[in-house]
1. Report yes if some residue within the stretch 74-92 is modelled with pLDDT under 95, closer than 26 Å to residue 131 by Cβ, assigned to a loop (DSSP other than H, G, I, E, B) and in contact with a helix residue (DSSP H, G or I) (Cβ under 9 Å, 6 or more places away or on another chain); otherwise report no.
2. Go through (1) modelled with pLDDT of 95 or more; (2) in contact with a helix residue (DSSP H, G or I) (Cβ under 6 Å, 6 or more places away or on another chain) one by one and return the number of the condition residue 136 breaks.
3. Name the residues in the stretch 98-120 that are among the charged types (D, E, K, R) and surrounded by 12 or more Cβ atoms within 10 Å (Cβ to Cβ), would you?
4. So, in the stretch 37-57, exactly how many residues are in contact (Cβ under 8 Å) with a residue 60 or more places away in the chain and either in a helix (DSSP H, G or I) or crowded, with 22+ Cβ neighbours inside 10 Å (or both)?
5. Taking only the stretch 101-146 into account, find how many residues are touching a residue at least 40 places away in the same chain (Cβ under 8 Å) and assigned to a loop (DSSP other than H, G, I, E, B).
6. List pairs: first in the stretch 4-22 and closer than 12 Å to residue 74 by Cα, second of a type in the set (Ser, Thr, Tyr) and assigned to a loop (DSSP other than H, G, I, E, B), Cβ under 7 Å, 6+ apart or cross-chain?
7. From the list 76, 71, pick out the single residue that is under 24 Å from residue 43 (Cβ atoms), among the hydrophobic types (A, V, I, L, M, F, W, C) and either in contact with a Phe, Trp or Tyr (Cβ under 7 Å, 6 or more places away or on another chain) or free of Cβ contacts under 8 Å to residues at least 24 places away in the same chain (or both).
8. Taking residue 65 and the conditions (1) buried (at least 17 other Cβ atoms within 10 Å of the Cβ); (2) hydroxyl-bearing (Ser, Thr, Tyr); (3) at pLDDT 95 or above, which numbered condition does it fall short on, given that it satisfies the others?
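The values are calculated or read from the model by the stated rules, or taken from the named source; none is laboratory data. Worth saying up front: this structure is predicted, and the values here are computed from it rather than measured. When we count neighbours, we look across all protein chains shown, and the Cβ atoms used for this are built from the backbone with ideal geometry, even at glycine.
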Amino acid sequence: MKAISLWQPWASAIAAGLKQVETRGWSTSYRGPLAIHAAKHRTLDEEIFWGLNIENTGLMDSFKSIGVSSFDELPFGAIVCTCVLEHCAHSESFGSTWALSETEELFGNYSCGRFGWILRDVVPITPVQFKGRQGFFEWDAPAQKP
């Protein structure tokens, strides 16, 4: 399965159902199953974003639903969910063709010249440690137990 790395808390925001559009500086023609990987490195900027926008807000309930109650509980260096990459659109089409919620705007960069990858059928998983890479990379999903 193809996978892509995102910084935290953006990766877990997808797993928590808060983010359905991943914004990137590049387009993709790929459509299909996609694993979301949380990058291993933590930055002060991520922790500040968490403190200002997630901690002590209504968004915490969504993170708690996937077992995350604080920034320190976010999984790093792990696959956190799977989904389907359904469509890729120019950022300029968001707001007109594609409506965005406040939360979606918070978690995305819709500047001119960027692209939004529309994700659907998100399935959070127990984080699986895995080494991420830049761009798409391959991840062999564990076999499902009957």
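1. no
2. Checking residue 136 against (1) modelled with pLDDT of 95 or more; (2) in contact with a helix residue (DSSP H, G or I) (Cβ under 6 Å, 6 or more places away or on another chain), the one that fails is (2).
3. Just the residues of the stretch 98-120 that are among the charged types (D, E, K, R), to begin with: 102, 104-105, 114, 120.
Passing the criteria: 104, 105, 114.
4. As a first pass, look at the stretch 37-57 and keep what is in contact (Cβ under 8 Å) with a residue 60 or more places away in the chain: 37-40.
Of the ones still in play, those that are also either in a helix (DSSP H, G or I) or crowded, with 22+ Cβ neighbours inside 10 Å (or both) are 37-38.
Selection size over the stretch 37-57: 2.
5. Here is the first cut: in the stretch 101-146, the ones touching a residue at least 40 places away in the same chain (Cβ under 8 Å) are 103-104, 106-110, 113-120, 122-125, 127-141.
Still in the list and also assigned to a loop (DSSP other than H, G, I, E, B): 107-110, 113-114, 130-136, 139-141.
Qualifying residue count for the region: 16.
6. 16/65
7. Details: 76 fails: either in contact with a Phe, Trp or Tyr (Cβ under 7 Å, 6 or more places away or on another chain) or free of Cβ contacts under 8 Å to residues at least 24 places away in the same chain (or both).
Testing whether each residue is under 24 Å from residue 43 (Cβ atoms), among the hydrophobic types (A, V, I, L, M, F, W, C) and either in contact with a Phe, Trp or Tyr (Cβ under 7 Å, 6 or more places away or on another chain) or free of Cβ contacts under 8 Å to residues at least 24 places away in the same chain (or both) leaves just 71.
8. Of (1) buried (at least 17 other Cβ atoms within 10 Å of the Cβ); (2) hydroxyl-bearing (Ser, Thr, Tyr); (3) at pLDDT 95 or above, only one is false for residue 65: (1).
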